[in-house]
Structure formats: C-alpha cells, structure tokens
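Written out below as structure tokens is the structure these notes cover.
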Amino acid sequence: MQDDSNQVKYAYFVHGVYADTTPVRRIAEELQLRRYDQTAQQWVLPQQHYLDIDTRIELMRTALLNTRTQVLVKALPVADFLNQAIADKIVAFINGPDGPNQLYIELNQIPALQVLVPMANFYHANGIKLVLSQIGTNRHFTKINASLYYFDGIKFTVAAQPDQMKASKEIKFWGTLAASRQLGFSVDGVTDQRLFAWLRQQSFTNFLQGDYFGQAQLPLLAE
C-alpha cells in the first residue's frame, strides 16, 4: 500500500503464531507494520504507527492474499477499539468475501470496565476474539481481574534479556490463571531452544511466538 500524498509505502509483515502441539504448528499470523525506506532500500519499523482504518484494512487484505494462514492477530489501540465507526468497518471486513477466517484483536491496555463491556460484547457477537497482551508481573493481576472475563486469551511477552527464574514464575502464574479461566495462553519472545524446551514441558501453554520460529517477514505465501 502506497500513500500517494508523500509516496510512503507500508505493508504488514507476518510473524507466525504456533500451536503448542507435537509438532508445533503455525496457526495464525500476527500483523506487524513496516515502512519501505527508499534511501536504504529496505523495510523498516515506522516511527509513527498510526494509519487510518481504511488503509489498515487494505493492508490486511493484501497480507491475506499472500499467506496460507487465514487467521490474523492484529494489535489495536484502545481508542480505536472503543470507536464504533472503526469497529463497524472491521466487522464489515471480516464478514466480507475477502476477510480472514478468524480475527484476534490484541489490546495492550484495558479501558474502563463500563466502556470495555459493551464493545467486547459487540466484537464477540461478530465473531472477533480479544486478547490482552503485555500483562506484566503478577502484581498487575488485581488491576485486570474483573476485566479478564471479557477476553478470550492473554499473552505474556518474555523480556529480551530475561531473568530466567523470574520469567518462569510469571509464566506459570499467568498460565495457571488462564487455564483456570479457560482462556488461551500465549507466550511471545521465544528466542532460543532452552526456553522453547521448557515451555513445551508446561501444561498450560497454548500458543508460542518469537524469533526462534523465524523473524517477521513480508507475506509471500509464507508458511
């Protein structure tokens, strides 16, 4: 997708989401925005991530055409999540002939309960699932407990240079909580065999993500 006003080209790269099965299986694509740097002749992370919803939907449509995995995971700012006009356009896209089989919306913040509930109900009524990401330490639990009833999954991201003992405790805490609430539990930031092997031994991990499985790439019928 090219922005004709300033000749800036954007695309969604895809980063695989893997089911924790034997063997692991790629079951979804997380969409990550990139901008083409004409000077460097390469795709880079954009300095500003906001594009209007029509542009984002067109980029999602393009990504879908070029990947076999027709399940998408897309982060959405809270302000957009709460915007009914934007929500209506997302629903129209996923219910259209070129929409995904399933869309997961990721939120990295939780809006106030009184505005979360009606919008969560709207998305759920239209077949869209909600994932809470960046859940942080277990001390964060009391702040989000009441809101978890309106989500379908939670995602824990392992730090780039993790304290292995601390990370394992946090993963166990959130994984056990997710299992007790019948929520999907994802672990992102899997970068090496050691962490991958440990996660495979846990009973509560449903989905795995990270550069251990390959870096985000432009979807050219990516597996």
Practice prompt. Determine, yes or no, whether P100 is within 23 Å of A216 (Cα to Cα) and in contact with a helix residue (DSSP H, G or I) (Cβ under 7 Å, 6 or more places away or on another chain).
Written response: yes
Pairing a residue in the stretch 21-36 that is among the β-branched types (V, I, T) with any residue that is assigned to a strand (DSSP E or B) and modelled with pLDDT of 95 or more, where Cβ atoms lie under 7 Å and the two sit 6 or more apart in sequence or on different chains, gives V24/Y18; V24/L208; I27/V17; I27/Y18; I27/A19; I27/V71
If we ask which residues in the stretch 90-120 are exposed (fewer than 15 other Cβ atoms within 10 Å of the Cβ) and over 28 Å from T157 (Cα atoms), their number turns out to be 5
Being farther than 28 Å from K143 by Cα and within 16 Å of the chain's Cα centre (by Cα) narrows L107, L64, L51 down to just L64
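The values are calculated or read from the model by the stated rules, or taken from the named source; none is laboratory data. Because the structure is a prediction, the values reported are computed rather than measured. Every residue, glycine among them, receives a Cβ derived from its backbone with ideal geometry; neighbour counts consider all protein chains shown.
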